[in-house]
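A.B. asks: Provided herewith is a single structure, encoded as structure tokens, for subsequent inquiry.
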Amino acid sequence: MKLWQKNYLVTALLFTGVLFACVAVLVISSARINAARLRDGAISEEKAIAGALENMVLHSETPKEAVVRGIARQYEQNGTYLMIRHAETEWVNLLAFEDTVPAGTLQWSARDGRVYISIGEAFRDEYEMTFQKDVTEQTTAMVQSILAAVGLCMLLSIAVDTILYYTMLRINQPLSRLSHELRTPLTVVRGYGELLKLAALSDEQRYDAASYVVEECDRMKDIIQKILTMNDKGHIDRERISIADLKQHLSMTWEDVAIETKGESVYGDQTLLISLLDNLIGNAKKAGGAVTVCLSPQVFSVTDTGRGMDEKTLAYVNDPAHTARPNDIRSGLGVPLCHEIAKKHDAVLHYASRAGEGTTATLRFYNSDTTL
């Protein structure tokens, strides 16, 4: 795992943890407030019923049991269930389930998927009442609001983590590309540095070697600028490039590669096209066999006679943005960069290959200036 990916993982986990902790605090506080509201409402209703029963029992001219049963059945329609006992005689019992609650006690109960608040009450020393309130709808709404908050939290976390990932990827991508693209010129500079240090050279040879070191340093500077610029804006500055100059550069960098040319010039950014060709040639040499490069105003091609690619790998190198990178490709950076450089030049990069028969990478230009 790369350093930026580790940093992203730590940041994403930290953000997600803090977000869920904050939501948990809010959800728990809200749940407690709603539970207290339901409890206080049940207590108020129970006290009102107890007061009404006591008053009606004292002043009713009809038989007391009939009054009590009438009140109990009225409340039953609204999800309030009562059990009332006088002395040892049970006048009415409409409880949703049998539950003995001591006088002055409140408890929460769950039966058959329903939620109840039960309260025990005693008045005038001879009457006992058990009050049950069905609060399933209210608690269900409370649970749904909690789940909605958790779901919203998850969506927010996913959205922020996704934005964070692509932001860090966008920041890191130019740096990764730079490290990848600077390897070839750095290798050349080191080679000529070793040559200047150890070999006995004539003044002319020393001058040529030093000049090439300076040229490669300038090229590295140009690569840095071009890749960063390519990442920030949607176009590149193009100009006429001598095919002979491209051949000369490639010949000095890749001495054992056969280079064929046709035509005089191509239209594009020299630094980026050299980076693309260096990537293609480097990948071809890793595949083994002889490597041949053909340069013309309309088409660049790099062919090797190496091990070739299977269908899965070929699908990846032809469309790295939409195909999973095969495990045997250790660094997928060069291929996507080559495709992006091709796109900036209004060109299409295509690989043709068969396992054991080699590979040909073809860059075909479609901009009007090049194809004239």
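A.B. asks: Looking at the range 102-139, which of the residues that are open to solvent by 10 Å² or more (accessible area, probe 1.4 Å) and part of a loop (DSSP other than H, G, I, E, B) is nearest to Glu54 (Cα to Cα)?
C.D. replies: Arg124
A.B. asks: Could we say that Ser157 is open to solvent by less than 20 Å² (accessible area, probe 1.4 Å) and out of contact with any helix residue (DSSP H, G or I) (no Cβ under 8 Å at 6 or more places or on another chain) here?
C.D. replies: Judged against the criteria, Ser157 is not a match.
A.B. asks: Give me the residue from the range 55-101 that is of a type in the set (A, V, I, L, M, F, W, C) and surrounded by fewer than 15 Cβ atoms within 10 Å (Cβ to Cβ) and, out of that set, modelled with the lowest pLDDT.
C.D. replies: Once the filter is applied, the top-ranked residue is Leu58.
A.B. asks: Out of the residues in the range 257-287 meeting the condition of being touching an Asp or Glu at 6+ places or on another chain (Cβ under 7 Å) and small (Gly, Ala, Ser), tell me which one is farthest from Arg238 (Cα to Cα).
C.D. replies: Ala287
A.B. asks: Please specify each residue of the range 280-299 satisfying the condition of being in a helix (DSSP H, G or I) and of a type outside the set (Gly, Ala, Ser). Quick ask: steps written out before the conclusion?
C.D. replies: Step one: list which residues in the range 280-299 are in a helix (DSSP H, G or I), which gives 280-287.
Correct list: Leu280, Ile281, Asn283, Lys285, Lys286.
A.B. asks: So which strands (runs of 3 or more DSSP E) are wholly in the range 177-272 and hold at least 2 residues that are open to solvent by less than 30 Å² (accessible area, probe 1.4 Å) and modelled with pLDDT of 80 or more?
C.D. replies: Because the criterion is at least 2 residues that are open to solvent by less than 30 Å² (accessible area, probe 1.4 Å) and modelled with pLDDT of 80 or more, the strands (runs of 3 or more DSSP E) in the range 177-272 that meet it are 265-268.
A.B. asks: Show the residue pairs that are 6+ apart or on different chains and have beta-carbon atoms under 8 Å apart, the first residue being within the range 345-372 and under 10 Å from Gly268 (Cβ atoms) and modelled with pLDDT under 95, the second being surrounded by fewer than 14 Cβ atoms within 10 Å (Cβ to Cβ) and hydroxyl-bearing (Ser, Thr, Tyr).
C.D. replies: Note: pairs meeting the criteria are Asp346/Tyr366; Ala347/Tyr366; Phe365/Thr371.
A.B. asks: Take the range 8-32 and flag every residue that is loosely packed, with under 14 Cβ neighbours inside 10 Å, within 15 Å of Ser145 (Cα to Cα) and of a type in the set (A, V, I, L, M).
C.D. replies: Passing the criteria: Val25, Leu26, Ile28.
The values are calculated or read from the model by the stated rules, or taken from the named source; none is laboratory data. All figures in this text were calculated on a predicted structure; none of them were measured in a lab. Note: ideal-geometry Cβ built from the backbone for every residue, glycine included; neighbour counts use all protein chains shown. These accessible areas exclude ligands, DNA and RNA; they are computed on the full protein's heavy atoms, side chains included. Shrake-Rupley method; radii C 1.70, N 1.55, O 1.52, S 1.80 Å.
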